[in-house]
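Trainee: Got a structure for you, written out below as C-alpha coordinates; questions coming shortly.
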Amino acid sequence: MINLFSSQTCILAAVIIGLLWLFLVWLFYRKKSTDSSHSLPHRWDSKVDKLEAEELMGKRALEDGVSVVEADDFSFVIADDPNKAEKLGDLSDVQQEIKEICKVLEEQDGGKDDFLSMFRLVREKYPKVAESNSVGLLNEFIREHVPFHLSAEELENLWH
(Lines give C-alpha, C1' and ligand atoms only; values in the text may rest on other atoms or scores of the structure.)
Protein backbone atom coordinates (compact mmCIF):
# COMPACT_ATOMS: atom_id res chain seq x y z
CA MET A 1 0.00 0.00 0.00
CA ILE A 2 2.90 2.33 0.61
CA ASN A 3 4.02 1.74 -2.95
CA LEU A 4 0.86 3.48 -4.18
CA PHE A 5 2.02 6.86 -2.81
CA SER A 6 4.92 8.71 -4.35
CA SER A 7 7.12 11.06 -2.35
CA GLN A 8 5.59 14.02 -4.23
CA THR A 9 2.10 12.96 -3.08
CA CYS A 10 3.31 12.66 0.55
CA ILE A 11 4.88 16.12 0.45
CA LEU A 12 1.74 17.60 -1.14
CA ALA A 13 -0.45 15.95 1.54
CA ALA A 14 1.85 17.27 4.34
CA VAL A 15 1.70 20.80 2.91
CA ILE A 16 -2.10 20.72 2.60
CA ILE A 17 -2.54 19.36 6.15
CA GLY A 18 -0.05 21.95 7.46
CA LEU A 19 -1.89 24.82 5.77
CA LEU A 20 -5.22 23.51 7.06
CA TRP A 21 -3.76 23.33 10.58
CA LEU A 22 -2.40 26.91 10.35
CA PHE A 23 -5.79 28.14 9.14
CA LEU A 24 -7.53 26.48 12.10
CA VAL A 25 -5.01 27.95 14.53
CA TRP A 26 -5.48 31.38 13.00
CA LEU A 27 -9.26 30.99 13.10
CA PHE A 28 -9.54 29.99 16.76
CA TYR A 29 -6.62 31.84 18.31
CA ARG A 30 -6.66 35.12 16.47
CA LYS A 31 -6.91 38.28 18.57
CA LYS A 32 -10.33 39.53 19.39
CA SER A 33 -11.31 42.97 18.20
CA THR A 34 -9.08 45.77 19.42
CA ASP A 35 -12.03 47.86 20.51
CA SER A 36 -11.01 49.52 23.83
CA SER A 37 -14.50 49.19 25.29
CA HIS A 38 -14.09 45.40 25.47
CA SER A 39 -10.50 45.25 26.65
CA LEU A 40 -9.42 45.41 30.27
CA PRO A 41 -7.77 48.61 31.51
CA HIS A 42 -4.05 48.56 32.13
CA ARG A 43 -2.00 50.17 34.85
CA TRP A 44 -0.31 52.49 32.39
CA ASP A 45 -3.61 53.63 30.96
CA SER A 46 -4.32 57.21 32.07
CA LYS A 47 -7.99 56.45 32.66
CA VAL A 48 -7.33 53.97 35.48
CA ASP A 49 -6.57 55.02 39.06
CA LYS A 50 -3.91 53.15 40.95
CA LEU A 51 -5.55 50.59 43.21
CA GLU A 52 -4.05 49.81 46.60
CA ALA A 53 -3.84 46.18 47.63
CA GLU A 54 -5.88 46.76 50.79
CA GLU A 55 -8.63 48.46 48.83
CA LEU A 56 -8.78 45.62 46.36
CA MET A 57 -8.80 42.66 48.72
CA GLY A 58 -9.13 44.12 52.23
CA LYS A 59 -6.74 43.84 55.14
CA ARG A 60 -4.99 40.58 55.82
CA ALA A 61 -6.59 38.58 58.61
CA LEU A 62 -4.36 37.35 61.42
CA GLU A 63 -4.09 33.66 62.14
CA ASP A 64 -5.96 32.17 65.09
CA GLY A 65 -4.25 32.97 68.38
CA VAL A 66 -2.12 35.76 66.91
CA SER A 67 -2.52 39.33 68.08
CA VAL A 68 -0.68 42.58 67.55
CA VAL A 69 0.64 44.22 70.73
CA GLU A 70 2.79 47.22 71.53
CA ALA A 71 6.42 46.65 72.53
CA ASP A 72 5.71 47.84 76.08
CA ASP A 73 3.02 45.18 76.52
CA PHE A 74 5.27 42.29 75.45
CA SER A 75 7.66 40.37 77.72
CA PHE A 76 8.78 36.87 78.59
CA VAL A 77 7.99 37.29 82.28
CA ILE A 78 5.45 35.00 83.87
CA ALA A 79 2.52 37.10 85.03
CA ASP A 80 2.39 35.56 88.54
CA ASP A 81 5.87 36.86 89.46
CA PRO A 82 6.44 40.47 88.30
CA ASN A 83 9.98 40.54 89.76
CA LYS A 84 11.09 37.48 87.79
CA ALA A 85 12.72 39.54 85.01
CA GLU A 86 14.75 41.44 87.57
CA LYS A 87 15.78 38.18 89.28
CA LEU A 88 16.81 36.62 85.97
CA GLY A 89 18.88 39.71 85.16
CA ASP A 90 20.48 39.50 88.57
CA LEU A 91 21.25 35.82 87.99
CA SER A 92 23.34 36.56 84.91
CA ASP A 93 25.01 39.47 86.72
CA VAL A 94 25.93 37.20 89.65
CA GLN A 95 27.35 34.62 87.25
CA GLN A 96 29.49 37.31 85.63
CA GLU A 97 30.70 38.48 89.06
CA ILE A 98 31.63 34.90 89.97
CA LYS A 99 33.62 34.57 86.74
CA GLU A 100 35.47 37.79 87.55
CA ILE A 101 36.22 36.59 91.09
CA CYS A 102 37.59 33.32 89.73
CA LYS A 103 39.74 35.22 87.24
CA VAL A 104 41.19 37.37 90.05
CA LEU A 105 41.82 34.26 92.15
CA GLU A 106 43.74 32.62 89.29
CA GLU A 107 45.83 35.74 88.64
CA GLN A 108 46.72 36.29 92.31
CA ASP A 109 46.84 32.65 93.45
CA GLY A 110 43.92 33.21 95.79
CA GLY A 111 42.38 30.52 97.92
CA LYS A 112 39.09 29.57 99.43
CA ASP A 113 39.20 32.32 102.09
CA ASP A 114 39.77 34.98 99.44
CA PHE A 115 36.83 33.63 97.44
CA LEU A 116 34.55 33.67 100.50
CA SER A 117 35.42 37.27 101.33
CA MET A 118 34.92 38.44 97.73
CA PHE A 119 31.68 36.49 97.42
CA ARG A 120 30.31 38.21 100.52
CA LEU A 121 30.40 41.48 98.53
CA VAL A 122 28.49 39.85 95.65
CA ARG A 123 25.88 38.47 98.06
CA GLU A 124 25.37 41.93 99.57
CA LYS A 125 25.12 43.50 96.13
CA TYR A 126 22.43 41.03 94.95
CA PRO A 127 20.30 40.06 97.99
CA LYS A 128 17.30 38.97 95.88
CA VAL A 129 19.26 36.13 94.27
CA ALA A 130 19.70 34.41 97.66
CA GLU A 131 15.90 34.32 98.02
CA SER A 132 15.24 32.98 94.52
CA ASN A 133 14.92 29.40 93.32
CA SER A 134 18.09 29.73 91.26
CA VAL A 135 20.48 29.22 94.20
CA GLY A 136 20.97 25.58 93.18
CA LEU A 137 21.95 26.63 89.66
CA LEU A 138 24.37 29.18 91.02
CA ASN A 139 25.92 26.63 93.39
CA GLU A 140 26.57 24.33 90.41
CA PHE A 141 27.99 27.29 88.48
CA ILE A 142 30.30 28.14 91.40
CA ARG A 143 31.41 24.51 91.77
CA GLU A 144 32.34 24.41 88.05
CA HIS A 145 34.30 27.68 88.04
CA VAL A 146 36.24 27.88 91.32
CA PRO A 147 39.74 26.35 91.22
CA PHE A 148 39.22 24.46 94.52
CA HIS A 149 36.67 22.14 96.12
CA LEU A 150 33.68 23.51 98.01
CA SER A 151 31.53 21.15 100.06
CA ALA A 152 27.73 21.24 99.94
CA GLU A 153 27.70 22.86 103.39
CA GLU A 154 30.11 25.59 102.28
CA LEU A 155 28.04 26.28 99.19
CA GLU A 156 24.89 26.54 101.31
CA ASN A 157 26.60 28.90 103.76
CA LEU A 158 27.61 31.22 100.91
CA TRP A 159 24.04 32.51 100.73
CA HIS A 160 23.51 33.15 104.48
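The values are calculated or read from the model by the stated rules, or taken from the named source; none is laboratory data. Just so we're clear, the structure is a prediction, and the values are computed from it rather than from any experiment. Quick reminder, even Gly has a Cβ in these numbers, built from the backbone with ideal geometry, and neighbours come from all protein chains shown.
Trainee: Looking at region 57-84, I want the residues that are under 28 Å from Y126 (Cβ atoms) and modelled with pLDDT under 75 and have a partner that is of a type in the set (V, I, T) and surrounded by 10 or more Cβ atoms within 10 Å (Cβ to Cβ) with Cβ atoms under 7 Å, at least 6 apart or on another chain. Which pairs are those?
Mentor: What qualifies is K84/V77.
Trainee: Kindly indicate whether any position in region 37-49 is hydroxyl-bearing (S, T, Y), surrounded by 10 or more Cβ atoms within 10 Å (Cβ to Cβ) and either modelled with pLDDT of 85 or more or out of contact with any helix residue (DSSP H, G or I) (no Cβ under 7 Å at 6 or more places or on another chain) (or both). Outline the logic, then answer.
Mentor: Narrowing region 37-49 to residues hydroxyl-bearing (S, T, Y): 37, 39, 46.
From the residues that got through so far, the ones that are surrounded by 10 or more Cβ atoms within 10 Å (Cβ to Cβ) too are 39.
Checking the rest, the ones that are also either modelled with pLDDT of 85 or more or out of contact with any helix residue (DSSP H, G or I) (no Cβ under 7 Å at 6 or more places or on another chain) (or both) come to 39.
Yes, region 37-49 contains at least one residue that is hydroxyl-bearing (S, T, Y), surrounded by 10 or more Cβ atoms within 10 Å (Cβ to Cβ) and either modelled with pLDDT of 85 or more or out of contact with any helix residue (DSSP H, G or I) (no Cβ under 7 Å at 6 or more places or on another chain) (or both).
Trainee: Among the residues of region 87-99, are any at negative phi, modelled with pLDDT of 70 or more, more than 39 Å from the chain's Cα centre (by Cα) and aliphatic (A, V, I, L, M)?
Mentor: No.
Trainee: If you go through region 119-147 one residue at a time, how many are part of a helix (DSSP H, G or I) and within 13 Å of I101 (Cβ to Cβ)?
Mentor: Total meeting the criteria: 10.
Trainee: If you take the residues of region 148-160 that are in a helix (DSSP H, G or I) and of a type outside the set (A, V, I, L, M), which of them is farthest from S92 (Cα to Cα)?
Mentor: Applying the filter and picking the extreme gives E153.
Trainee: Looking at the structure I just gave you, is L116 surrounded by 15 or more Cβ atoms within 10 Å (Cβ to Cβ) and either closer than 23 Å to S92 by Cβ or more than 40 Å from the chain's Cα centre (by Cα) (or both)?
Mentor: No: the conditions fail for L116.
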